[in-house]
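Just below is one structure, and these are the notes that go with it.
Read-outs throughout are calculated quantities, based only on the coordinates presented, and are distinct from any laboratory measurement. From a predicted model like this one, the values you see are computed outputs, not experimental measurements. Virtual Cβ from ideal backbone geometry, glycine too; neighbours counted across all protein chains shown.
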Amino acid sequence: MPLAPTLAVIGGGQLARMMAQPAIALGLPLRLLAEADGVSAAQVIPDQLVGDYRDLDTLREVTAGCAVVTFDHEHVPTEHLRALEADGVACRPGPEALVHAQDKGVMREVLGAMGVPCPRNAIVGSPEEVEAFGFPCVLKTTRGGYDGKGVWVVRSAAEVTEPLAVAARTGVRLLAEELVDFRRELSALVARSPSGQAAAYPVVATLQVDGICREVIAPAPNLDPTLAARAQELALQVAGELGVIGILAVELFETTDGRVLVNELAMRPHNTGHWTQDGAVTSQFENHLRAVMDLPLGSPAPRARWSVMVNILGAEHTDGAEVGRLYDGYPHALARDPRLRVHLYGKELRPGRKVGHVNTYGDDLEDCLARARHAAAWFRGDLGNESE
């Protein structure tokens with residue numbers, strides 16, 4: 001008899017990789033479906049299968065003998081997840097919830113019906129419909145976009161051609177949204193179990209550059225407590241009404257007139273929650289595992305007054321053959337800051353690619369920011385931009 005049930009994880013990226021350590025502590029075996037040999041999570045999860053998540057037979061093979069399956073990404077076809085559920089495998093989150101993270105058009109329609117505040121939006125299919133919606137606006141492919149891909153800010157009819165062409169070529173719908181006048185971007189992270197237990201982490205401020213998260217500050221500085229509570233309430237409402245199991249990240253705009261609007265949803269551990277690995281009593285990765293296995297959730301309370309996460313990205317001049325190994329950054333970074341926490345993903349450096357992150361924490365926010373920015377710049381090999 002196995003000592004504990006095995007949890008299947010679909011996707012071999014860094015999110016699956018970072019589930020491994022809390023799984024070890026919980027005594028929870030993981031079985032991985034990786035997209036290729038040697039990808040990030042495959043380096044640390046020995047029970048693995050290499051295959052295509054779009055193939056139902058492969059999904060059935062990796063989940064055989066597993067009571068529960070969860071995900072590193074949100075791209076598994078919902079019809080395959082329904083088939084797994086029919087086989088008796090619990091998909092967490094399930095297809096009825098996950099579709100709202102897969103399809104932005106469906107998400108906007110359902111959130112609107114729930115009364116959740118969102119930017120003004122509409123599905124568009126022609127230059128005339130975009131013009132009728134109004135410039136400037138944001139155009140997004142409803143499926144497949146991430147880290148700024150599949151997103152365009154358009155200010156005139158001349159800029160509409162490319163988004164429409166991409167939507168036509170890929171066979172996805174195009175969503176128009178108002179260009180929100182926002183003060184900053186926030187993220188509200190919650191965990192929810194099948195039993196209905198939920199835990200809400202402090203609302204954080206995020207710095208996005210070209211659609212990619214660069215920095216996270218927990219908690220968001222100078223955020224009105226009423227607005228913070230409203231953001232957490234919205235995240236808990238969405239998780240409950242959509243039936244999300246596991247971690248839900250609700251990315252928000254804090255508008256200049258003092259409101260919060262829901263921007264995006266992610267139903268998995270999320271970049272804006274990486275600070276919790278070192279800055280919270282229970283990390284998002286452990287609470288995701290606890291939630292999907294229906295174990296009691298851990299405390300989301302912060303361990304320090306401030307926590308800062310800065311992503312390590314490949315610099316524009318990055319060439320893996322020239323800059324050496326990220327590992328070689330340890331002597332300086334760790335000697336300079338013994339309290340620094342570094343998380344590398346086992347990935348080769350490429351321009352703009354997320355290859356790791358650093359966490360700092362303490363009572364002085366400016367000190368935490370300076371330490372994290374310096375370390376990330378050092379690993380990036382681009383200290384000239386450390387103040388970004």
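Applying the Kirkwood pairwise sum to the alpha-carbon positions of segment 27-178 produces a hydrodynamic radius of 17.6 angstrom.
Projected onto planes of every orientation and averaged, the convex hull of the alpha-carbon atoms in the chain covers 19.6 nm². Taking amide H positions as modeled 1.01 Å from N, with prolines and chain starts lacking one, the residues under 5 Å from I245 and 5 or more places away or on another chain are G94.
Charges were assigned to the Cβ only: +1 to each Lys and Arg, -1 to each Asp and Glu. The resulting dipole of the chain about its Cα centre is roughly 640 debye. With the Kirkwood sum run over all distinct C-alpha pairs, segment 182-385 has a hydrodynamic radius of 17.4 Å. Here's how it looks for A67: its modeled amide H is under 5 Å from those of T6, which are all 5 or more places away or on a different chain.
Other residues lying with their Cβ under 12 Å from the Cβ of V244 contribute a combined charge of 0, Lys and Arg counting +1, Asp and Glu -1.
In whole angstrom, note down how far apart the Cα centers of segment 75-153 and segment 281-311 are. Centre-to-centre distance over Cα atoms comes out at 27 Å.
Principal semi-axes of the equivalent ellipsoid, √(5λ) from the alpha carbon gyration tensor of segment 7-91, are 19, 14, 10 Å from largest down. Computed over the chain with a Gaussian network model linking Cα atoms closer than 10 Å, the most mobile of L164, L252, L30 is L164. Distance between the C-alpha centres of segment 340-380 and segment 1-59: 25 Å, rounded to the whole angstrom. Placing unit charges on each Cβ (+1 for Lys and Arg, -1 for Asp and Glu) gives the chain a dipole about its Cα centre, and among A231, G144, L30 the Cα reaching farthest toward its positive end belongs to L30. Fully extending the segment from Y330 to R305, taken as 0.36 nm per residue of separation minus the present Cα-Cα distance, adds 6.4 nm. About its Cα centre, the dipole of segment 7-91 is roughly 280 debye, where the only charges are +1 on Lys and Arg Cβ and -1 on Asp and Glu Cβ. Placing unit charges on each Cβ (+1 for Lys and Arg, -1 for Asp and Glu) gives segment 89-184 a dipole about its Cα centre, and among A158, V130, T170 the Cα reaching farthest toward its positive end belongs to T170.
Cross-link partners of K104 among lysines, defined as those whose alpha carbon lies under 26 angstrom from its own and excluding same-chain residues fewer than eight positions apart: K140, K149, K354. Just check segment 331-388 against the gyration tensor rule for me: Cα atoms, a ≥ b ≥ c as the square roots of the eigenvalues, rounded for a/c under 1.5, and otherwise prolate or oblate depending on whether a/b exceeds b/c. In terms of gyration-tensor shape, prolate.
Between A67 and E131, the contour length at 0.36 nm per residue exceeds the Cα-Cα span by 18.1 nm.
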